[in-house]
Amino acid sequence: MEAIDYMPRLVRACLENDRRLVESVSLTVSRKLRRDRPDLASEIAGALAASDMRSEATRAAEINPLPIDRETRFSLVEFIEPIELPDPILDAATTKELADFLKERGLIQRFFEDGIEPSNSILFIGAPGVGKTYAANWLAYKLALPLITLDLATSISSYLGRSGQNIKSVFDYVRAQPAVLFLDEFDAIAKRRDDEGDLGELKRLVNVLLKEIETCPKGSIVLAATNHPELLDRAIWRRFDRVIEVPLPEENERMRLFERHLPSDRFTLSQEMLFLMVEKSAGMSAADICKLCEHIKRQSVMNPGESIEIISLSELYSKCKPQTKQEKSEACIKLREINPALTVRDIARIVGVGASTVSRYMKEA
Ligand SMILES: Nc1ncnc2c1ncn2[C@@H]1O[C@H](COP(=O)(O)OP(=O)(O)OP(=O)(O)O)[C@@H](O)[C@H]1O
Ligand SMILES: [Mg+2]
């Protein structure tokens, strides 16, 4: 979509005083304009920065009130309008799973015509920061449906006695209009099973959830995410059409993450540097890498005279500090190898050792 295509949505959001939507659509428009009309993009960014925008209840939520806890009157869910997001960077198998799911959803009418049930639920499992929540947001965008997030950890601990009722009302909301329901921290329903006092209530709750997931209309989608799949019993796994295991990013994905978040037109890094960053970031999640790139970008704005290579390396080594003498020595030698222009002081700063130590390592090598 072009920037201009977002105008009707932006106008509607302004007229309806939906500040959150104004902000998110403006960000998308600004991103789209960055190349051809950087002046307009930066004006929009300035206007956003100047106005203290906070999320408020959205327009749709006002028309069709979001489910609330009957006693506290607090909203049980978070409501997010679909918003354009770049594709998640994932390994080939996970990417294919998501693409297949979207393909199925695109053929939903054919499925119904042929009397075949389309799938409408996914359980995402994976370590923190691999992109489970991001994938849920992205699927909602691809399907042009709002994302309704129910954080089970907070809702169960706050309203245990009324959780069953609350979960029903959340599903009723999703039944009334097509949406993507995202059950975050899904293991919360399992974790507290050890807690004797709550056992009966939790069992009841699991049964309510299983039934609701099974009977959720196919026009809506149920996504769930957990870091602790071992806590969920098989009966729960079976309720989901797909279980997608999202792994930590491998070399290829880490390279793509760096390339996306440190675009080469603004942050020129040699291939050797990029390879070193990819190698050193092994074991980091995609979220860690995104955060690392944000730090690098911020530092480069704050220190315009500093070379981007030195900034990137300093940030990288501050995240994965060489520990032993051997690691430190190897890091110093490697840095000199990939960029002979680095001075002993640069290397000392990057690796976090004294300049005399660096000289010693060089001599020893
Ligand atoms: N696979 C990915 N591709 C692109 N960006 C990603 C990916 N994974 C994570 N990110 C970035 O990191 C941020 C945090 O990731 P996200 O919240 O999706 O992790 P999560 O798996 O839900 O973690 P948690 O288990 O802690 O909830 C995202 O908003 C996104 O910017
Ligand atoms: Mg998450």
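The values are calculated or read from the model by the stated rules, or taken from the named source; none is laboratory data. On a predicted model such as this, the values are computed, not experimentally measured, just so you know. Heads up, the Cβs are rebuilt from the backbone with ideal geometry, glycines too, and the neighbour counts pull from every protein chain shown.
What the table below lists for this structure:
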quantity	calculated
Flag if Val222 is touching a helix residue (DSSP H, G or I) at 6+ places or on another chain (Cβ under 7 Å) and modelled with pLDDT of 85 or more	yes
Residues being of a type in the set (Val, Ile, Thr) and part of a loop (DSSP other than H, G, I, E, B) - total across the stretch 313-356	3
Residue tally, condition among the aliphatic types (A, V, I, L, M), in a loop (DSSP other than H, G, I, E, B) and at pLDDT 80 or above, over the stretch 54-92	7
Residues within the stretch 104-116 that are charged (D, E, K, R) and under 18 Å from Val180 (Cβ atoms), tallied	2
Selection count where residues are in contact with a Ser or Thr (Cβ under 6 Å, 6 or more places away or on another chain) and modelled with pLDDT of 80 or more, scope the stretch 7-50	2
Residue satisfying condition, being surrounded by 21 or more Cβ atoms within 10 Å (Cβ to Cβ) and either at pLDDT 90 or above or within 13 Å of the chain's Cα centre (by Cα) (or both), within set Leu181, Leu143	Leu181
Helices (runs of 4 or more DSSP H) enclosed by the stretch 100-165 - at least 2 residues per element that are within 16 Å of ligand 2 (Cβ to nearest atom)	132-142, 152-159
